[in-house]
Amino acid sequence: MSQSARPAVVLGVESSCDETGFGIVSEGRLLGQGLASSAAQHAEFGGVVPEIAARAHLDAAAPTLRLALADAGVELGDITHVAATSGPGLATAVHVGLAAAKSIAWALDVPLYGVHHLAGHAAADTLAHGPLPEESIILIVSGGHTSILHVRDLVRDPIEHLGDTLDDAAGEAFDKVARLLGLGYPGGPAISRAALEGDPAAFSFPRAMLRPGDAPYTFSFSGLKTAVARTVETLERAGEPVPVADIAASFEQAAVDVLVTKSLRAVQAKGLSTLVIVGGVAANARLRAVAQERCDAAGVELRIPPMSLCTDNGAMIAAVGDLLVRSGAGPSSLGIAADPSAVLHGAQLPLPEGFAA
């Protein structure tokens with residue numbers, strides 16, 4: 001088989017926050033991946049420290065790349081294209097992964113694609129369930145982002161933002177509430193574990209932005225976080241025990257209610273039939289269960305990647321690169337800059353010339 005006829009083998013590099021990820025994808029199929037997390041190093045600070053994350057990426061890059069290659073059963077020389085998160089994310093962290101990707105692309109003399117991190121989350125589902133439908137609503141819900149997107153072709157068409165969070169992202173709210181309850185970091189898994197023993201109806205926490213006249217697809221979680229804080233403070237002042245499990249379950253249910261309600265509202269308003277939920281919080285069991293129940297009732301197909309593809313990972317970035325290659329998109333240059341505040345208009349960064357944002 002000639003070089004030009006070989007299927008593309010795309011290496012994806014992700015380093016936007018506290019996970020160092022390398023993934024290898026070919027023609028829509030995940031061949032293998034390696035992942036390292038520095039979450040334990042951040043736990044004592046209750047959140048991610050950018051400088052610690054960057055140093056952890058430097059330490060983990062080479063071994064994690066080797067893990068991905070071994071998992072995929074390929075050699076570095078088999079890589080035909082490289083894709084890397086070039087934004088958004090922590091500036092110091094994004095720079096490390098992008099520099100690694102540039103080095104690999106330069107050494108192999110292969111094309112490099114700059115990828116938007118959130119498009120990576122959207123593409124993660126394709127590795128589990130195949131191509132996205134012609135149109136869908138995608139809820140991205142993670143530690144740094146909570147957005148409802150109207151997506152057509154993920155790499156060929158502009159991505160329409162229907163709504164975002166006004167303040168805390170959902171995952172950030174989970175982290176802050178976990179800290180209030182003494183459950184540790186990261187907050188999402190800690191809240192979920194505690195909530196298993198709790199009553200989700202024990203406390204009536206607010207469901208923000210669901211009143212008539214509110215922006216239909218906009219989120220706000222700061223009020224919910226504050227309500228939990230006031231509840232804990234009131235109980236402690238009264239000398240009463242804090243029912244951690246009940247508060248965790250009630251908080252989790254309030255957050256999930258808003259996420260699912262607004263997402264299904266978007267599906268129905270656009271006349272579509274598919275909801276895709278991605279991002280770290282998509283691993284939450286209650287979110288998965290409630291979304292499935294309500295989608296079934298509404299006749300909507302629900303797609304959520306397996307938990308291994310919900311958190312930040314290199315496979316999702318490779319998936320975008322693979323889609324870009326197969327769509328005939330031109331590569332980014334080795335001079336591409338990190339864009340820690342990149343707004344999501346399209347999957348590739350920078351936007352291709354002539355692309356309507």
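The values are calculated or read from the model by the stated rules, or taken from the named source; none is laboratory data. These figures come from a predicted structure and were not determined experimentally. Please note: Cβ atoms are built from the backbone with ideal geometry, for glycine as well, and neighbour counts cover all protein chains shown. Side chains are part of the model used for accessible areas, which takes the heavy atoms of the whole protein and leaves out ligands, DNA and RNA. Shrake-Rupley method; radii C 1.70, N 1.55, O 1.52, S 1.80 Å.
Flag: Gly335 does not match the condition of being more than 16 Å from the chain's Cα centre (by Cα) and at positive phi. Regarding Ala8, is this residue surrounded by fewer than 22 Cβ atoms within 10 Å (Cβ to Cβ), in contact with a His (Cβ under 8 Å, 6 or more places away or on another chain) and touching a residue at least 60 places away in the same chain (Cβ under 8 Å)? Answer is yes for this residue.
Selection within segment 294-330: residues that are among the acidic types (Asp, Glu) and buried (at least 19 other Cβ atoms within 10 Å of the Cβ). The member of this set that is modelled with the lowest pLDDT is Asp312. If you go through segment 228-274 and pick out every residue that is over 26 Å from the mean Cα position of the chain (by Cα) and either under 19 Å from Asp175 (Cβ atoms) or among the aliphatic types (A, V, I, L, M) (or both), you end up with 10. Any residue at all in segment 110-125 that is farther than 30 Å from Ser273 by Cα and surrounded by fewer than 23 Cβ atoms within 10 Å (Cβ to Cβ)? Within segment 110-125, one or more residues are farther than 30 Å from Ser273 by Cα and surrounded by fewer than 23 Cβ atoms within 10 Å (Cβ to Cβ).
Here the strands (runs of 3 or more DSSP E) wholly within segment 129-213 that include at least 3 residues being surrounded by fewer than 19 Cβ atoms within 10 Å (Cβ to Cβ) and either under 20 Å from the mean Cα position of the chain (by Cα) or in contact (Cβ under 8 Å) with a residue 12 or more places away in the chain (or both) are 160-164.
Restricting segment 61-93 to residues that are out of contact with any strand residue (DSSP E or B) (no Cβ under 8 Å at 6 or more places or on another chain) and not in a helix (DSSP H, G or I), the residue that is surrounded by the most Cβ atoms within 10 Å (Cβ to Cβ) is Gly89. Taken over segment 97-109, the criterion of being open to solvent by 30 Å² or more (accessible area, probe 1.4 Å) and of a type in the set (A, V, I, L, M, F, W, C) is satisfied by Ala99, Trp106, Ala107, Leu108. In this structure, Ala101 does not satisfy being under 26 Å from Asp168 (Cα atoms) and among the aliphatic types (A, V, I, L, M). Within segment 254-293, being among the polar types (S, T, N, Q) and either out of contact with any helix residue (DSSP H, G or I) (no Cβ under 8 Å at 6 or more places or on another chain) or surrounded by fewer than 22 Cβ atoms within 10 Å (Cβ to Cβ) (or both) holds for Thr261, Gln268, Ser273, Thr274, Gln292.
Filter segment 214-234 for residues that are among the polar types (S, T, N, Q) and touching an Asp or Glu at 6+ places or on another chain (Cβ under 9 Å); which is surrounded by the most Cβ atoms within 10 Å (Cβ to Cβ)?
For segment 214-234, the residue satisfying everything is Ser220.
Is it the case that some residue within segment 331-352 is more than 25 Å from Gly97 (Cβ to Cβ) and either modelled with pLDDT of 95 or more or not in a loop (DSSP other than H, G, I, E, B) (or both)? Scanning segment 331-352 turns up no residue that is more than 25 Å from Gly97 (Cβ to Cβ) and either modelled with pLDDT of 95 or more or not in a loop (DSSP other than H, G, I, E, B) (or both). Within segment 19-38, the residues that satisfy the criterion of being in contact with a strand residue (DSSP E or B) (Cβ under 9 Å, 6 or more places away or on another chain) and either surrounded by fewer than 16 Cβ atoms within 10 Å (Cβ to Cβ) or within 16 Å of Leu98 (Cβ to Cβ) (or both) are Glu19, Thr20, Gly21, Phe22, Gly23.
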